[in-house]
Amino acid sequence: MNQLIDVKNIALDPDQLVHNDKIATPMYTSSELFEQEQEKIFRNTWVWVAHTSEIPDKGSFKLSKVGREPVIVVRDRKDNIHVMVNRCRHRAATVCEVHKGKTSSFQCPYHGWGYGLDGSLRALPNPEQYGDDFDKSQHGMLKLRVESYQGMIFATFNESVEPLEDFLGAAKKWIDLFMKQGGGYPVKTLGEHQFSVPMNWKVQLENTTDAYHFPIVHKSFLQSLDEEAEKTFTFLDGEGFVEDLGNGHSVMVMIPELVDLEEDLERKIPERFEELAQALRDEGYPEDQVRRIVRAVGGSGFNLNLFPNVACSMAFFRVLTPVAVDKTDIRHIAIGMEGGPDIANRVRLRLHEHFQGPMGFGSPDDAEVWERIQRGVDGGAELPILVNRGIEKEVPGEAGPRGHVSDETGMRAAYAMWKRMMQE
Amino acid sequence: MNTIDNESLLWQVTQFIWHEAAILDAKEYDAWLDLWQPEGLYIIPIEDADDYAAVLNLCYDDDKMRRDRIKRFQDGFSISSAPPAVTVRTLSRFVIDAVDGNTVVVSCAEHLVEDKFGRQRIWAANVRYTLTSTDTGFRLQEKVVRLLNSDGVLNSFSYLF
Ligand code: FES
Ligand SMILES: [Fe+2]
C-alpha cells in the first residue's frame with residue numbers, strides 16, 4: 001500500500017492517477033490535466049449555476065460560470081430559464097458585466113448587437129453590409145442545456161448527457177431532505193461569501209464529506225460554541241456515516257437526528273435557539289410551527305456533495321469554480337425561508353457569518369489547510385495522496401458503499417467518477 | 001472631556017484612529033476590546049444596507065462575537081491564526097461627517113498590506129467610525145469597514161481591519 005508512484009512515466013493516464021484508494025500528485029499540479037478536465041468533466045456533465053430564488057422575476061439574471069466559462073443565467077418573460085455563454089457572437093465581447101439584476105434584453109457594448117432574454121440575436125446596427133443571406137437566427141448567443149431540481153439550476157454543454165434527475169439519482173432523496181430547512185416556506189438564497197484559495201479544485205471537492213478534519217481544523221470554532229452545541233458538532237464517535245451515492249455524489253451524515261428536520265419535533269429545543277423560539281411564540285406562531293422553524297434554522301445534519309461543483313452543506317450551498325490548476329474560487333451561499341419570519345432568517349445570517357466566509361470562524365481555517373496541500377505537493381511528487389481511510393470496513397449502504405462518518409468513502413466516490421469521465 | 005472641543009476634534013479623532021491601527025497591527029487585541037462600548041457593533045458588510053442586521057455581512061460582531069473572535073485569534077487552535085499574517089496599515093483622508101452631543105461620526109480611507117507564506121496582499125477600504133466621547137477618551141460605538149470588492153471574490157483574513 002505504501003509503494004511510491006513513478007510520476008515521470010505516469011503520462012497523465014487516469015488509471016495511474018487514480019488508484020481507488022490513492023491518487024497521484026499530478027492530480028493537483030498538472031496544468032495539462034486541468035485543461036483536459038475542463039473539456040471532459042466541466043463541459044460534459046451537469047454543472048450547478050444558480051438557485052431559482054436568485055432570478056426570481058421575469059427578466060432577472062445573474063452571472064455564473066460553467067467550469068471557467070462565463071455564463072448568464074436568465075429568466076425570460078414566459079418564466080423559462082436560459083443559460084448562455086456571456087460572449088457576443090460578433091467579436092466575443094462579454095455582453096454583461098453586472099453580477100445580477102433585471103433587464104429586458106442584453107446589448108453588446110462594442111458594436112451594439114442586441115440579444116433577447118433567450119439569447120437570440122434581435123438586432124444589429126446597419127446590418128446591410130452583411131448581405132441578404134445573413135441569418136440572424138444562426139447568430140444567437142451560445143446556449144447550454146438547462147434543467148433544475150428543487151430550485152437548483154444546472155447547465156451543460158453536452159446535449160446528449162442523461163437527464164439531470166437521472167444524473168442526480170440517489171442524491172435526489174438527500175436534496176429533498178435538505179430543502180426541508182425551508183421550515184415549510186420555499187428556500188431562498190440570502191447572499192454569499194466568496195473567496196479564492198490557491199489550490200486545485202479537487203482539494204475542495206474532497207472536503208465537503210471529510211469529517212475526519214472537523215475536530216482538528218475547526219477546534220477554534222467548536223470552542224466558540226456553548227457546551228450543548230459543541231456536543232452536537234462532536235460527531236466522530238456518533239452514529240453518523242458517509243455513503244457513496246453513485247455518479248461521484250456522496251453524503252456524510254454527521255448528526256443523524258437532524259437528517260429529517262420534520263421528524264420528532266417534540267424533542268427539546270437547544271438552548272442557543274431558546275431565545276428565537278420565544279420570539280416566535282411572542283409573534284404568535286403556534287408551538288408546532290415554532291419547533292419546525294427553529295429546527296430548520298439549525299440546518300440539516302448532513303453534507304451532500306454533488307459532483308463536480310456544488311454541495312448542500314448543513315445550511316448553505318457551497319460552490320466551487322476551477323480557475324487554474326492551483327486556483328479555485330469558493331462561494332458559500334446562505335439560504336433561508338422565503339416569506340418566513342424575519343427573526344428566524346436573521347439568526348440564519350448570523351450563524352452563516354459565524355462559520356463561513358473570509359471572516360468566519362471556520363472557512364479561513366479550511367482555506368489555510370487547503371493552501372498547505374498545494375504547497376506540500378511541490379515536494380515528493382512520487383508519494384501517493386491517501387484516500388484509503390475505512391476502505392476495509394465499508395458495508396453496503398442504501399445506494400453504494402457506506403463507511404464510518406470519518407472515512408474517505410466520499411472521496412473515493414468522487415475519484416471513481418472523475419476516472420470514468422476522464423476515460424470516456 | 002464631555003464637551004467636544006471643535007477646534008481640535010479632527011486631530012483628536014485622528015489620534016484615536018491611529019492608536020487603534022497601531023494596536024491592531026501589533027495584535028494587542030485585549031487593548032482593542034477595551035476601546036469598545038459594550039453595545040458597539042463592528043461590521044464588515046458585503047453590500048450597502050440600511051439595516052446590516054437584516055443582510056449577510058462578512059462579519060457582524062456584537063460584544064460576544066468580538067470576544068469570541070479575539071479568543072479564537074489568541075488561543076492558538078486556529079490554524080489560520082497560528083501564525084497569523086503580519087499586517088501594516090495606514091489610515092488617512094479623515095472627514096468628520098457629524099457631531100451630535102458626545103458622538104462623532106468620522107470617515108476615512110484604509111490601506112492594509114498583509115504578509116504570509118512569502119506573499120503580500122493589499123486591501124483597501126472606506127471606514128466609518130462612530131465614536132463616543134467619554135471621561136477617559138473616545139470609545140468605539142460602531143465601526144463599518146467597506147472593503148473594495150466586498151461583494152466579489154476575496155481571501156480569508158486572519159486579522160481585523
Ligand atoms: S463584439 Fe459585440 S457587437 Fe461587436
Ligand atoms: Fe472544514
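The values are calculated or read from the model by the stated rules, or taken from the named source; none is laboratory data. Since the model is a prediction, treat every value here as computed from it, not as a measurement. All Cβ positions, glycine included, derive from the backbone under ideal geometry; neighbour counts span all protein chains shown. Surface areas here come from the heavy atoms of the whole protein model, side chains and all, with no ligands, DNA or RNA. Shrake-Rupley method; radii C 1.70, N 1.55, O 1.52, S 1.80 Å.
Table for the structure above
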quantity: Once the Cα gyration tensor of the stretch B:103-161 is diagonalised, semi-axes √(5λ) in Å; calculated: 28, 13, 9
quantity: Interface residues, the stretch B:122-161 - accessible area loss of 50 Å² or more versus chain alone, probe 1.4 Å; calculated: B:Val153, B:Ser156
quantity: Percentage of interatomic Cα-Cα distances in the stretch A:1-139 larger than 23 Å; calculated: 52
quantity: Karplus-derived HN-Hα couplings along the stretch A:395-405 (A = 6.51, B = -1.76, C = 1.60, θ = phi - 60°), whole Hz, x at Gly and Pro; calculated: 10, x, x, 5, 10, x, x, 10, x, 4, 3
quantity: Shielding by partners, peptide A:220-228 (average Cβ within 10 angstrom, other chains); calculated: 4
quantity: Around A:Gln38: net Lys/Arg minus Asp/Glu count, Cβ-Cβ under 12 Å; calculated: -1
quantity: Whole-percent pair-distance distribution, where bins are 20 Å wide, for the alpha carbons of the protein assembly as shown; calculated: 19, 50, 28, 4, 0
quantity: In sequence order, calculated HN-Hα J values of the stretch A:273-289 (Karplus, 6.51, -1.76, 1.60; Hz; x Gly/Pro); calculated: 10, 4, 4, 4, 4, 5, 4, 5, 4, 4, 7, x, 6, x, 4, 5, 6
quantity: By accessible area with a 1.4 Å probe, ligands and nucleic acids excluded, highest first: order of B:Asp30, B:Asp68, A:Asp378, A:Asp264; calculated: A:Asp378, B:Asp30, A:Asp264, B:Asp68
quantity: Within a Gaussian network of chain B (alpha carbon springs, distance under 10 Å), most fluctuating of B:Ile79, B:Ile70, B:Ile44; calculated: B:Ile79
quantity: Over 32 Å between alpha carbons, listed pairs A:Lys327/A:Lys419; A:Lys188/A:Lys327; A:Lys180/B:Lys27; calculated: A:Lys180/B:Lys27
quantity: Dipole of the stretch B:1-149, positive end: most advanced residue of B:Thr132, B:Phe117, B:Ser78 [Cβ charges, Cα centre]; calculated: B:Phe117
quantity: Area accessible to solvent at A:Ser313, 1.4 Å probe radius, in Å²; calculated: 10
quantity: GluC sites (Glu not before Pro) lying in DSSP loop within the stretch A:270-369, provided at most 12 other Cβ fall within 10 Å; calculated: A:Glu283
quantity: Ranked order, A:Ser160, B:Ser156 - accessible area, probe 1.4 Å, largest first; calculated: A:Ser160, B:Ser156
quantity: Calculated FRET efficiency for the pair A:Glu228/A:Glu287, C-beta based, R₀ 30 Å, to 0.05; calculated: 0.90
quantity: Å³ per residue enclosed by the Cα convex hull of the stretch B:57-102; calculated: 158
quantity: Förster radius 45 Å - calculated FRET efficiency between A:Leu386 and A:Arg77, Cβ distance, rounded to 0.05; calculated: 0.25
quantity: In Å², nearest 10: area of A:Val73 left accessible to a 1.4 Å probe; calculated: 0
quantity: Quotient of Cα Rg and 2.2 N^0.38 Å for the stretch B:39-78, N being how many residues it contains; calculated: 1.32
quantity: Calculated SAXS-style log₁₀ I(q)/I(0) at q = 0.26 Å⁻¹ - the stretch A:241-283, Debye, Cα scatterers; calculated: -0.98
quantity: Segment B:Asp62-B:Arg119, extension gain: residue separation times 0.36 nm, minus the distance between their alpha carbons; calculated: 17.3 nm
quantity: Solvent-accessible area per residue for the protein assembly as shown (1.4 angstrom probe, square angstrom); calculated: 42
quantity: A:Ser160/A:Asp260 FRET efficiency (R0 56 Å; Cβ-Cβ; nearest 0.05); calculated: 0.95
quantity: Max mean-square fluctuation residue, GNM over chain A, Cα-Cα springs under 10 Å, options A:Arg389, A:Arg375, A:Arg318; calculated: A:Arg375
quantity: Spread of Cα-to-Cα distances over 10 Å intervals beginning at zero, given as percent, for the stretch B:56-161; calculated: 12, 36, 38, 12, 1
quantity: Phi to ³J(HN,Hα) by Karplus 6.51 cos²θ - 1.76 cosθ + 1.60 over the stretch A:14-27, Hz, x for Gly, Pro; calculated: x, 4, 7, 6, 10, 10, 6, 10, 8, 10, 9, 3, x, 4
quantity: Kirkwood hydrodynamic radius (C-alpha pairs) into Stokes-Einstein, the stretch A:1-65, 37 °C and 0.692 mPa s, D in µm²/s; calculated: 220
quantity: Carbon + sulfur, % of accessible area of the stretch A:276-424 - ligands and nucleic acids excluded, 1.4 Å; calculated: 50
quantity: Shielded by partner chains, the stretch A:186-206 residues - at least 20 Å² of accessible area, 1.4 Å probe, vs chain alone; calculated: A:Glu192, A:His193, A:Gln194, A:Phe195, A:Ser196
quantity: Environment charge at A:Asp21 (Cβ cut-off 9 Å; Lys +1, Arg +1, Asp -1, Glu -1); calculated: +2
quantity: Estimated [θ] at 222 nm from DSSP helical runs (n ≥ 4, -39500 (n - 2.57)) normalised by residues in the protein assembly as shown, nearest 500; calculated: -7000 deg cm²/dmol
quantity: Total accessible surface hidden between B and A, rounded to 100 Å², 1.4 Å probe; calculated: 3100
quantity: Relative contact order computed over chain A (Cα-Cα under 8 Å; 6+ residues apart), in percent; calculated: 22
quantity: Accessible carbon and sulfur surface of chain B relative to its total accessible area, %, 1.4 Å; calculated: 53
quantity: Candidates per GluC sites (Glu not before Pro) in the stretch B:10-91, loop by DSSP, up to 13 other Cβ within 10 Å; calculated: B:Glu28, B:Glu47
quantity: Fraction of alpha-carbon pairs over 18 Å apart in the stretch A:342-424 - percent; calculated: 68
quantity: GNM flexibility winner over chain A from A:Asp365, A:Asp176, A:Asp132 (Cα, springs under 10 Å); calculated: A:Asp132
quantity: Accessible surface, 1.4 Å probe, highest first, among residues A:Tyr185, A:Tyr115, A:Tyr130; calculated: A:Tyr130, A:Tyr185, A:Tyr115
quantity: Isolated Cys residues of chain A, judged by Cβ distance under 4.7 Å to other cysteines; calculated: A:Cys96, A:Cys312
quantity: Cβ charges +1 (Lys, Arg) and -1 (Asp, Glu), total dipole of the protein assembly as shown, debye; calculated: 1280
quantity: Convex hull volume per residue for the stretch A:202-346, taking Cα atoms only, in Å³; calculated: 132
quantity: Average Cα contact separation per residue, the stretch A:1-67, under 8 Å, 6 or more apart, as relative contact order %; calculated: 21
quantity: Relative contact order computed over chain B (Cα-Cα under 8 Å; 6+ residues apart), in percent; calculated: 26
quantity: Neighbour net charge for B:Ala54 - beta-carbon separation under 10 angstrom, K R +1, D E -1; calculated: -2
quantity: Exceeding the 26 Å Cα-Cα cut-off - candidates A:Lys40/A:Lys219; A:Lys40/A:Lys65; B:Lys64/B:Lys143; A:Lys100/A:Lys219; A:Lys202/B:Lys116; calculated: A:Lys40/A:Lys219; A:Lys100/A:Lys219
quantity: Cα lying deepest toward the dipole's positive end in the protein assembly as shown, options A:Pro341, A:Ser300, A:Pro186, charges on Cβ; calculated: A:Pro186
